[in-house]
Amino acid sequence: MNLRDRVWAERSGASDAAAPSFVRALRDPSALAWPALALGMLVTLVITFLLWDRLAQATAQRFDSEVEKVVVQISRRMEAHENILRAAAGLMQASDEVTRADWYSYVNELGLERNFPGVLGVGLSLRIPAAQLAAHEETIRLNDMPTYAVWPKHVRDEYHSIVFLEPLNERNFRAIGYDMYSEPVRAAAMRRARDTGNVALSGRVTLVQEGKGPVQPGFLLYYPLYVRNEPADTPDERGRALLGYTYSPFRAHDLFGDILLGFADKVVVTIHDGRGVSPATLLYSNADRKPVSSLEAVREIELAGHAWTVRLSAPAAFSADHLVLWLVPLMGAGLSALLFYLLRVLAATARANRSAHAMTQALTISESRLVTVLETAADGIVTTDESGMVLTVNRSAAEMFEIGIDAAVGLPLSRLLPMFDAAWFAGQAEMHPIGPRWRFRQDVQGVRRSRRFPVTVSASRFNLHGRPVYSLLMRDITEQVEAQTRMRLHDRALESSSEAVIIRDVQRGGYPVVYVNAAFERLTGRAADEVIGRTFTLASGEQNPEHVLDEMRWAIAHQKPYSTTLDVRRADGRSIWVALSSSPVRDNEGRVTHYVDVFGDVTERIEFERKLIRRTNRLHTVFSLSPDGFVTFDEGGTLTNVNPAFLRITELTQSELVGLSAAAFDGLIARLADPDKPWPGLELDHSTAEPQRLWLRLPEPRVLERSARVAPEGRSETVLYFRDITQQFEVDRMKSEFLSTAAHELRTPLASILGFAELLINREYDEPARRRMHTIIHRQSRVLVNLINDLLDLARIEARTGQDFRFEDLSAKGIISATLETLTMPDDSHTVRLDMPPAVPRIRVDHAKMVRALGNVITNAFKYSPGGGEVVVTVCEALRHSRLMAGMRVIDHGIGMTPEQLARIFERFYRADPSGNIPGTGLGMSLVREIMDLHGGEIEIDSAPGVGTTVTLWLPVMDTATT
């Protein structure tokens with residue numbers, strides 16, 4: 001209640017108190033305004049609620065209709081694909097032979113990409129027993145696909161390879177030859193189709209057609225194909241008669257995106273594989289974070305023996321806006337407001353009448369209050385006449401200028417505010433005549449005890465008793481000016497900073513930028529007006545980890561500072577690395593209102609760090625993979641690191657070595673050394689000029705070269721390098737031994753030839769003696785020729801590493817027969833017995849080389865059976881190292897070999913009988929091993945002294961077919 005109402009109330013209070021309540025209500029119509037407004041709004045709400053309920057029912061019915069349309073659409077599309085597979089099976093059953101061209105023509109007529117988007121193709125998978133795999137692959141390669149192969153390669157009872165898949169584009173070509181039965185989810189659907197004789201749908205899989213792009217969930221549809229005219233009434237009969245499958249692979253996103261093309265803005269669909277709902281079973285979703293309403297439905301679709309769970313929601317905009325629904329509450333509210341307004345106007349009129357009677361009393365009170373306001377006002381108030389002489393001064397103005405009120409009255413205003421002198425007042429009177437409303441506002445300088453200070457002055461003019469009077473409202477702005485000066489200093493500091501600065505308003509959506517400095521424009525290449533007022537993210541580069549933006553949002557949500565390193569893309573497209581530090585800014589109440597981001601260019605540092613990391617990684621890789629040993633010591637002589645090669649050489653563990661001193665390490669390695677060889681002591685204070693040779697006895701005899709290198713700068717670390725030269729020593733030993741043996745083997749026959757030739761030249765002998773000498777010369781010449789031929793063959797095989805081998809698919813029996821035909825028996829006392837199985841495997845060999853190897857083995861069986869006897873040649877099969885191998889086995893009952901002799905049988909020039917009574921060069925078995933190695937085969941030898949020897953040449957079986 002204002003002052004006038006209070007005065008009127010004092011006068012009329014007695015009469016109102018005596019009047020009844022309804023009379024007082026009629027006198028004040030505002031008492032009826034609020035009940036009338038409440039009643040009108042209540043009626044409006046009831047009508048609106050009834051309309052909303054009816055609309056909600058209609059919306060639910062419309063949503064149910066859309067749900068059924070989606071389910072029917074999915075079912076119809078999948079039924080169409082089932083019919084396509086049945087038609088493809090009919091094509092196979094109706095034709096004696098379907099070629100790849102026939103299959104292409106059938107699929108091309110379907111127009112899959114145009115009529116059925118989402119299906120990758122229509123394919124044919126054939127069932128292949130393991131025994132027919134090789135023949136199947138060879139047939140496909142010869143017909144139309146030279147690179148065809150069934151994969152994956154692990155051994156199993158039967159294979160189901162994809163033979164046809166059209167259209168045969170780059171994506172589908174990856175699937176050709178794939179055994180879908182090798183993967184559990186696909187195999188389950190294939191078994192269900194086989195046993196039921198009907199279409200079967202697989203669970204969610206990742207298709208083998210997926211490449212480097214975005215990978216979509218997939219599934220497959222199978223229809224079984226049985227051998228024509230074979231019984232297929234029961235699951236067992238169908239399993240035996242199964243020929244293969246017609247099938248189609250589907251990319252879920254592409255398929256359902258096309259099926260639901262017309263429903264994208266009507267319903268939100270999520271499809272899951274099976275009867276459950278989880279991220280692992282998700283096949284398709286068009287949610288894309290769309291806002292949805294409360295309308296939701298879940299349907300389970302049974303398709304081809306497999307279930308899908310379809311979850312459907314209505315978009316937030318699904319409910320249609322009805323004009324009448326909004327007009328009713330608007331019109332009701334409008335009418336209620338109009339009635340309320342009219343009642344309030346009547347009440348205001350009544351109050352105005354009462355106020356008129358209280359005007360005199362209110363004016364008196366107002367003057368009293370005005371004096372009080374002037375005395376208590378925070379701003380200074382001064383009045384002057386038209387010449388600028390002070391008429392009145394309030395307490396705040398006197399305190400502002402530090403002058404008494406009585407002393408100020410009668411002074412020229414220019415003594416307090418130099419700008420307002422008599423000339424200023426005269427000019428204002430001339431420029432602004434009395435009559436029109438005039439106001440003035442300006443920041444000027446005031447004088448306080450001879451010191452100037454800033455003052456904001458607002459002036460107005462009014463007439464008092466026919467003379468102009470000026471009223472001036474003054475406010476001391478010293479603190480404000482100082483604050484502005486500090487702010488300008490801060491702005492100049494920010495603008496001159498070499499670090500970029502961004503200030504964001506986190507109280508507004510999107511955190512728009514409100515300030516950037518010049519360094520920001522220089523670093524990012526973007527002008528300030530491009531980003532101020534807009535959302536801008538620094539994490540725009542391609543090299544930022546995915547979690548960077550999440551961490552920044554988390555820090556802002558939790559009002560925390562954060563620091564990170566970001567890849568920022570400049571306006572010109574170039575990427576730079578920046579070190580970002582972001583801090584929250586709080587208001588007086590502690591609430592975060594802004595975030596300040598400060599960042600600088602650290603591209604050179606990041607590039608240097610990356611180069612350092614790459615160099616460190618390369619050194620670490622070399623350190624780890626080097627076949628030579630490395631050991632490092634720090635500046636204190638403590639072992640800090642050792643590489644795997646050194647641990648492998650010494651068979652020590654890293655825990656045994658790391659932390660040892662140089663002396664302890666040297667003593668530990670010295671215990672592994674050969675005591676008969678000198679041991680050079682370890683010194684870490686300087687690099688070694690020449691490698692030091694170490695002779696180890698444990699864990700096995702080795703010869704090492706040790707070198708030490710001290711870091712030339714930085715930390716004084718020492719690296720020990722251990723090079724294993726055992727093989728080099730062994731090669732030198734073998735070379736010396738080989739030259740010695742070869743010289744001996746060559747010298748022996750040459751000595752016989754030379755001796756008997758000299759006897760024939762220098763003496764006369766009868767015919768029998770000369771013939772005997774000629775025979776010896778001939779026999780020793782043959783030995784010499786055989787030795788040289790064996791050496792040449794061995795060297796040629798080693799040098800060419802099988803490049804001149806001509807491999808053929810041959811029967812093992814044929815190799816044995818060819819060997820025996822070319823074999824010369826030393827005498828008639830030896831017989832060969834062939835013990836062949838009914839079915840002999842086929843092997844892939846070089847005919848001439850394998851005949852040579854088997855001939856050497858049979859010849860040894862003859863030579864080392866000096867008493868004669870039977871030599872048995874047979875063929876066997878066995879699974880060795882997970883491979884089916886065929887063995888050509890030679891068994892004799894000769895002198896046999898000891899374990900020591902057996903260990904050296906493949907050494908060159910080694911002979912089990914060193915007496916010389918048994919002819920030979922000692923190179924035969926070396927030659928056999930080289931030939932078998934190049935065939936990928938193995939040699940197995942069992943021998944016992946006085947019992948005999950069994951030699952088996954094992955070779956891979958190339959085909960399950962036998963001869």
Point to revise | Heavy atoms of LEU820 accessible to a 1.4 Å probe, total area in Å² rounded to 10 | key: 40
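Give the calculated FRET efficiency between LEU51 and ARG114 to the nearest 0.05, with a Förster radius of 60 Å applied to their Cβ-Cβ distance.
Numbers: r = 47 Å, r/R0 = 0.79.
With R0 = 60 Å, the Cβ-Cβ based efficiency is 0.80.
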Revision key, fill the gap. A chain fully extended from ILE477 to THR206 at 0.36 nm per residue, minus the present Cα-Cα distance, gains in nm 90.2 nm
Practice item. State the extension gain, in nm to one decimal, for the chain segment bounded by SER285 and ALA188, taking 0.36 nm per residue of separation less the distance between their alpha-carbons. Key: 32.4 nm
Practice item. Roll a 1.4 Å probe over the protein heavy atoms and report the accessible area of VAL596 in Å², nearest 10. Key: 40
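If I take R0 = 60 Å and measure r between the Cβ atoms of VAL227 and SER294 in this structure, what FRET efficiency does the formula 1/(1 + (r/R0)^6) give, to the nearest 0.05?
Values: r = 56 Å, r/R0 = 0.94.
About 0.60, to the nearest 0.05.
Counting only heavy atoms of protein chains, what accessible area per residue, in Å², does the stretch 380-482 have with a probe of 1.4 Å? Before the final figure, lay out each step's value.
Numbers: 5900 Å² over 103 residues.
Dividing the accessible area of the stretch 380-482 by its residue count gives 57 Å².
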Practice item. Along Cα→Cβ, 7 Å out, is where each label goes; now give me the distance between the ones at LYS560 and THR688 in nm to one decimal. Key: 5.4
Revision key, fill the gap. What helix-only [θ] at 222 nm does the chain give? Using -39500 (n - 2.57) per DSSP H run of at least 4, over all residues, to the nearest 500, the answer is -14000 deg cm²/dmol
Practice item. With label points built 7 Å along Cα→Cβ from the Cα atoms of SER460 and LEU338, find their separation and express it in nm. Key: 3.9
Study note, to complete from the structure: Quick calc: nm separation of the 7 Å Cα→Cβ label points for GLU97 and GLU158 -> 2.4
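By average Cβ neighbour count within 10 Å, what is the ranking of 75-81, 853-859, 245-251, 149-155 from highest down? Write out the running numbers ahead of the final one.
Details: 75-81: 15.9, 853-859: 22.0, 245-251: 25.6, 149-155: 12.1.
Packing proxy ranking, top to bottom: 245-251, 853-859, 75-81, 149-155.
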Study note, to complete from the structure: With the label point 7 Å along the Cα-to-beta-carbon line of LEU625 and a cut-off under 20 Å to each amide N, the hits in the stretch 634-667 are 642-649
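Ignoring ligands, DNA and RNA, how do LYS611, LYS212, LYS290, LYS863 rank by accessible area with a 1.4 Å probe, largest first?
Details: LYS611 125, LYS212 210, LYS290 80, LYS863 55 Å².
Greatest to least solvent exposure: LYS212, LYS611, LYS290, LYS863.
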Check your understanding: What are the ³J(HN,Hα) values, in whole Hz, obtained from phi via the Karplus relation 6.51 cos²θ - 1.76 cosθ + 1.60 with θ = phi - 60°, for each residue of the stretch 754-771 in sequence order, with x given for Gly and Pro?
Key -> 5, x, 5, 5, 5, 4, 5, 6, 8, 10, 9, 10, 6, 4, x, 5, 4, 4
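Order 217-228, 461-472 from most to least packed using the mean count of other Cβ atoms within 10 Å.
Values: 217-228: 21.9, 461-472: 13.7.
Packing proxy ranking, top to bottom: 217-228, 461-472.
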**Study point:** Estimated FRET transfer efficiency when R0 is 22 angstrom, pair SER882-GLU138 (beta carbons, to 0.05)
**Key:** 0.45
Exercise for review: Work out how much length ASP491 to GLN73 would gain on full extension: take 0.36 nm times their residue separation and subtract the Cα-Cα distance, in nm to one decimal.
Suggested key: 144.0 nm
Exercise for review: Take the solvent-accessible surface of the protein heavy atoms, probe 1.4 Å, and return the percent of it on the stretch 497-608 that carbon and sulfur atoms account for.
Suggested key: 49
Exercise for review: Place a label point 7 angstrom from the Cα of ILE725 along the Cα-to-Cβ direction, then list the residues of the stretch 612-645 whose backbone nitrogen is under 16 Å away.
Suggested key: 628-629
Review point. If you add up the charges near LEU834, with Lys and Arg at +1 and Asp and Glu at -1, over every other residue whose beta carbon is less than 15 angstrom from its beta carbon, what do you get?
Key: -1
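The values are calculated or read from the model by the stated rules, or taken from the named source; none is laboratory data. A quick note: this is a predicted structure, and the numbers were derived from the prediction, not measured. Note that we place each Cβ from the backbone using ideal geometry, even for glycine, and neighbour counts take in every protein chain shown. Just so you know, the surface numbers come from the protein's heavy atoms only, side chains and all, with ligands and any DNA or RNA stripped out. Shrake-Rupley method; radii C 1.70, N 1.55, O 1.52, S 1.80 Å.
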